[in-house]
Amino acid sequence: MKASTLRIYLSVHTWVGLLSGMALFIAFYAGAITVFSHELTGWERPPAAMPAETQAIAQAQALVDGVMHEHGSKLHDFYVSLPGEHGPETTLYWYDTEAAQQHRFVLDDAGGVAQTPARDGFVAFIYDLHFTAGLPRTFGTYLFGIVCILYGLALVSGVVLYLPTFFKDLFALRLGRNIKRLWQDAHNVVGVLSLPFHVIFAWSGAVLTIGFIMLAPFQFLVFENKLMPIVERDFDVATHVESAGRSAPMLPVAELLARARVALPGLEIESLSYHDAGDANARVTLYGDLPQRRLNHHGGVALDAVSGEVVNALGPRDYPPGMAMLRGLQALHYGDFGASAVKWLYFALGMAGAFLFYSGNLLWIESRRKRRQVDQPRRTRVMAALTLGTCLGCIAGVSATFLAGALLPPGWVPTSYFIVFFAAIAWACLRAPARAAHELLWACAVLTAAIPVAGFAGSGEHLFAALIAGHWDRVLTDATALVMAFAFWRMAVATLRRGRDGDPNSVWALPARR
């Protein structure tokens, strides 16, 4: 390939990486943690006993009746989550289209309907952080869709650049005094070995966030507004029907569950999605787990909510091609297949992805330093400050959300993250990069090491007591936090040593006059 062509690919790879790298660091770091969202819920709250099936059905019926009684005039589409992997509580979610607001309902101790925050707890906040970076939900989601497209460009250009030396340098990790070469080797090795994972994430991330927008040119320019009715069948178990405009009583939850189990034997129902509830044309789709040796293991049954007639029943083997691809992308994106081994693999790959974007920015900074003068260009100092503040601020902020989730009311979870995150950015801008890196890594280590302490203070169960009791969610969370805290501490020590003993002509140096 011509040198001029390679330079173009290098420019694309560099600038696309810089534009999207810090946002992707947040997405990957938060995403690696949310792979264990169900387990972290068990860490946040002491394990509770699952209700009996008859009790869960009665709770679901009470929720549906109570919420429809209070909000029946506006309540048309809502979603009921039954006790299961997500927790022992029956929950009803309703998105109010008029107010553009999501509502969450549960039963209180007296059996009445109680409204709670729609996004409750630190686990939900970290999950939102994964695809919004803390920005407003709709804007952040669309922004990350664009970032995923840039991410794909960075992957393609990176492969083209690395391809000529692929086999020679695949496992090269040259240790020595040349720190830049070591970071370059680590960046290349992590990028290439985890390339299939990154391709899946760039593709699935774009489809899941801005998939409908990506279809718009085909809808309006190619298919003359006829595309959406064609693909609609691939988005749900049954296509939507218009409401009849007259009310009719719906079948009880118990009856709907019984009919769905007959229509799709073996389905372990986890949720019910109501459409046009209370109308004569009301439908309910029941979703659940149905392992059939497929990438996706979820099935669904759509019923007429008034008559109980089966509209459609789909197991993983029966998916049409479009739905099979879409559900498969979702399973690949969230690691929702396999078992614990897949979750730990996704966790490791997510952390490796965060390192990939962090190291990419550091390599840009290092490649533009002046090797024969102490004072470095302002652009490298600014990029160093933004990289350190954003990336290390995200790490420290996420650890702070664990502490807030265990010790403070739910409303303090996002506040604690943003206080730590913006404080880290401000600190990185005010301090010399080497000092800021050392001090922020220490902050990451301290806050992460405090997670088991906060868990003990909040629940009364420390790591060793949880180990004896067999509460593995708490054991693995606390143990992982301690391992990561140790890693941050070692990085802080290495950063300080580099600042003192490394090349003095670098933004990472610690000259005496600083």
Being out of contact with any strand residue (DSSP E or B) (no Cβ under 9 Å at 6 or more places or on another chain) and closer than 21 Å to Val190 by Cα narrows it down to one of Leu362, Leu407, so name that one. Leu362
Going through Leu476, Leu467 one at a time, which residue ends up being at pLDDT 85 or above, in the same structural domain as Ala384 (by TED's automatic domain parsing) and in contact with a Lys or Arg (Cβ under 9 Å, 6 or more places away or on another chain)? Leu467
Does Ala428 count as over 25 Å from Gly121 (Cβ atoms) and assigned to a helix (DSSP H, G or I)? yes
From Leu10, Leu6, Leu75, residue being part of a loop (DSSP other than H, G, I, E, B), more than 25 Å from the chain's Cα centre (by Cα), outside the structural domain of Ala479 (by TED's automatic domain parsing) and modelled with pLDDT under 90: Leu75
Select from the stretch 229-253 the residues that are in a helix (DSSP H, G or I) and under 30 Å from Leu215 (Cβ atoms) and list them in ascending order. Pro229, Ile230, Val231, Glu232, Arg233, Asp234
Those residues of the stretch 302-314 which are under 12 Å from Tyr274 (Cα atoms) and in a strand (DSSP E or B), in sequence order: Ala302, Leu303, Asp304
Long-range neighbours under 7 Å by Cβ, at least six apart or interchain, first residue free of Cβ contacts under 8 Å to residues at least 12 places away in the same chain within the stretch 93-119, second loosely packed, with under 12 Cβ neighbours inside 10 Å: Ala114/Asp108
Collect the residues in the stretch 262-271 that are within 14 Å of Val284 (Cα to Cα) and either surrounded by fewer than 16 Cβ atoms within 10 Å (Cβ to Cβ) or over 32 Å from the mean Cα position of the chain (by Cα) (or both), keeping them in residue-number order. Ala263
Could you tell me which numbered condition Thr54 fails, if it satisfies all but one of (1) in a helix (DSSP H, G or I); (2) in contact (Cβ under 8 Å) with a residue 40 or more places away in the chain? (2)
Is there a residue being of a type in the set (A, V, I, L, M), in contact (Cβ under 8 Å) with a residue 60 or more places away in the chain and within 25 Å of Tyr358 (Cα to Cα) anywhere in the stretch 442-461? no
Of the residues that sit in the stretch 236-258 and are at pLDDT below 90 and of a type outside the set (Gly, Ala, Ser), which one is surrounded by the most Cβ atoms within 10 Å (Cβ to Cβ)? Val237
The number of residues in the stretch 277-307 that are surrounded by 19 or more Cβ atoms within 10 Å (Cβ to Cβ) and among the charged types (D, E, K, R) is 3
Val237 being within 30 Å of Gly140 (Cβ to Cβ) and either in contact with an Asp or Glu (Cβ under 6 Å, 6 or more places away or on another chain) or in the same structural domain as Val284 (by TED's automatic domain parsing) (or both): yes
Of all residues in the stretch 114-128 being of a type in the set (A, V, I, L, M, F, W, C) and surrounded by fewer than 15 Cβ atoms within 10 Å (Cβ to Cβ), which is nearest to the chain's Cα centre (by Cα)? Ala118
If Phe25 satisfies all but one of (1) part of a helix (DSSP H, G or I); (2) at positive phi, what's the number of the condition it fails? (2)
Say whether the condition of being in a loop (DSSP other than H, G, I, E, B) and closer than 30 Å to Val199 by Cα is met by at least one residue in the stretch 317-334. yes
Restricting the search to the stretch 392-415, which residues are among the small types (Gly, Ala, Ser) and crowded, with 22+ Cβ neighbours inside 10 Å? Gly393, Ala396, Gly397, Ser399, Ala400, Ala404, Gly405
Which of the residues spanning the stretch 22-51 are small (Gly, Ala, Ser) and either modelled with pLDDT under 85 or within 14 Å of Phe122 (Cα to Cα) (or both)? Ala30, Gly31, Ser37, Gly42, Ala48, Ala49
Out of (1) closer than 24 Å to Thr209 by Cα; (2) more than 22 Å from the chain's Cα centre (by Cα); (3) not aliphatic (A, V, I, L, M), the odd one out for Asn296 is which? (2)
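Every residue, every condition in (1) among the hydroxyl-bearing types (Ser, Thr, Tyr); (2) loosely packed, with under 15 Cβ neighbours inside 10 Å, yes or no:
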position	(1), (2)
His71	no, no
Phe78	no, no
Pro83	no, no
Gly87	no, no
Leu92	no, no
His103	no, no
Gly112	no, yes
Val147	no, no
Ser157	yes, no
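The values are calculated or read from the model by the stated rules, or taken from the named source; none is laboratory data. Predicted model only: the values in this text are computed from it and were never measured. Backbone-built Cβ (ideal geometry, glycine too); neighbour counts: all protein chains shown.
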